[in-house]
1. Can you tell me the order of 395-407, 263-275 when each peptide is scored by its average per-residue count of other Cβ atoms within 10 angstrom, highest first?
2. Nearest 20 debye, what's the magnitude of the dipole of segment 345-463 about its Cα centre given +1 on Lys and Arg Cβ and -1 on Asp and Glu Cβ?
3. Using the count of nearby Cβ atoms within 10 Å as a rough guide to exposure, how do Ser332, Ser178, Ser30 rank from fewest to most?
4. What are the lysines whose alpha-carbon lies under 24 Å from the alpha-carbon of Lys60, with same-chain residues fewer than 8 places away excluded?
5. Given Cα pairs under 8 Å that are at least 6 residues apart, what percent is the relative contact order of segment 215-348?
6. Please list 186-197, 469-480 highest first by mean number of surrounding beta-carbon atoms within 10 Å per residue.
7. Is any helix in the chain, taking whole DSSP H runs, at least 18 angstrom long along its axis by alpha carbon and on average at least 0.5 on the Kyte-Doolittle scale, and which ones?
8. Where the only charges are on Cβ atoms (+1 Lys, Arg; -1 Asp, Glu), what is the dipole of the chain about its Cα centre, to the nearest 20 debye?
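The numbers here are math on the coordinates, done by the rules we state, and not lab data. The shown structure was predicted, so the numbers you read here are calculated from the model rather than taken from an experiment. Virtual Cβ from ideal backbone geometry, glycine too; neighbours counted across all protein chains shown.
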Amino acid sequence: MAESVFGTGTARICAVVAASRVADFRALVSKALRESPTVELRLDWLANDRERQTALDWLKRLAPRRATFIATCRRRIGGGEFAGSAPEELFWLMKAKEAGCAWCDLEIETLRELPEQSVEGYAIPPKVLLSIHDFRRTPKTLPAAKIRKHGGVDAIKVAAMSQNLGDSLRVLRLARDSGQVVAIPMGEIGLPGRILSLRAGGALVYAPVGEATAPGQVPLREMRDLYRAHQLTAKSRVFGVIGNPISHSMSPLMHNTGYVTARVDAVYLPFLVEHVGEFVKALPELGVNGFSVTMPHKQTIIRHLDECEALAEEIGAVNTVTVRKNGKLEGSNTDYVGMLKALERQMRMQGSRVLILGAGGAARAAAFAVAKAGAEVLVWARRDKAAHELARAVGGDVIRRAALRKEKFDAILNATPVGMPPHADRSPLDANELNCSLVMDLITRPLKTKLLHMAAKKRIRTVSGVDMFVAQGIAQWERWINTPAPEKAMRSAVLDKLQAEEKRWR
């Protein structure tokens, strides 16, 4: 792999500083330097020329000089905030050189306005990163190969919005063993590609210290300490989770915390996937070794598998896929394991009476888990046909909503999405329908759903979805990594995140 023109290690993670006022600019620069020696200064984000000059005067006095500063004063025509002309942009880049910036980012729109389309002879920072942005789409023809056609350019950056996984891959290919190309697939679909770009051989990856400056950016601390993008190599194993939506998933936090704690050379990424077939086709190029499956793909994925464990096939839902060395895909279901572990800590399953709410992939795993443990299963779901199919599959019965107030259960399990944000104020059942000893909600966010709050008020024992979520994740981790998982660290990471979120919501 060619060495990056920006150096090695954390130097390949560029901390992005963007603020409208000098006070915030200074604070962010100081914070950035504690995380990475490479810092992009978004001069175009500063409110006016006075703020820009004050910021650069402060930078000039900054010591020690053990950092690489990239000055950027991107014009609006190139997707930035600077309202000035090309000569005015060059003026501020010259000022940035005087302040000690070794690199500058010059957008291609400005380069095209210069005589002979060259920066040679201008007193701007000595190293030039030519940037090409498309915030709407990924162009059919990507221009990285033209780097040497522009005079005075030392590296090139291509950032394009990914509308599908294929777009992300095309941008990612530009990074292959170049050391001179910064390849950035933008948007949520492109997020995994951002992280994998250094693994592919890209020169640099951007991560904001404060506010994000482009769609799909990963915060600096996460990029460095959770995803460890700068440490990824061709030997690093790649895992992930597919779903739609996916941004809410805590699986990347849980699994990557496990890798960091156990010092495993691997990364776990969130893939926003609309079409499962497109993702499966991209697996070899992405180098994926295994992936979790969440809504709405737990049942759809089955037809793309080469092998499926008998229990997962019986359940009719897969949440774990292992990619074998020969490329074949094997499906399994660890939701089942997680469910059983979470419930058996709280109650005796044999002979109990359990109500399952829902009939989707999670509900099927729950129903099979409790049925095989010896419980009587009753199913209620809005889709009557699906409810009957599930009840028949586990030897249980369907129950009508009107009967719930009169019936008694040992446990009620919510396997529907009712109660998830942005509708966290909702519950799948009313308080007078909770005639049971235990209520478990498979929803992990919020930590205490409205359903669990209602149950606690009635002094009914409650089980959070976190217990099942962590248990199924541990089973995945050990299946893929073949060593005991650092369960305590993984559980703490998830709980800390959820508790912090709840504090912000109050």
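1. Ranking the peptides 395-407, 263-275 by packing returns 263-275, 395-407.
2. Its charge dipole is roughly 220 debye.
3. Going from sparsest to densest Cβ surroundings: Ser30, Ser178, Ser332.
4. Reachable lysines: Lys31, Lys95, Lys97, Lys127.
5. So the answer I get is 21 percent.
6. 186-197, 469-480
7. Sorted by number, there is nothing, because no helix extends far enough and scores high enough.
8. 920
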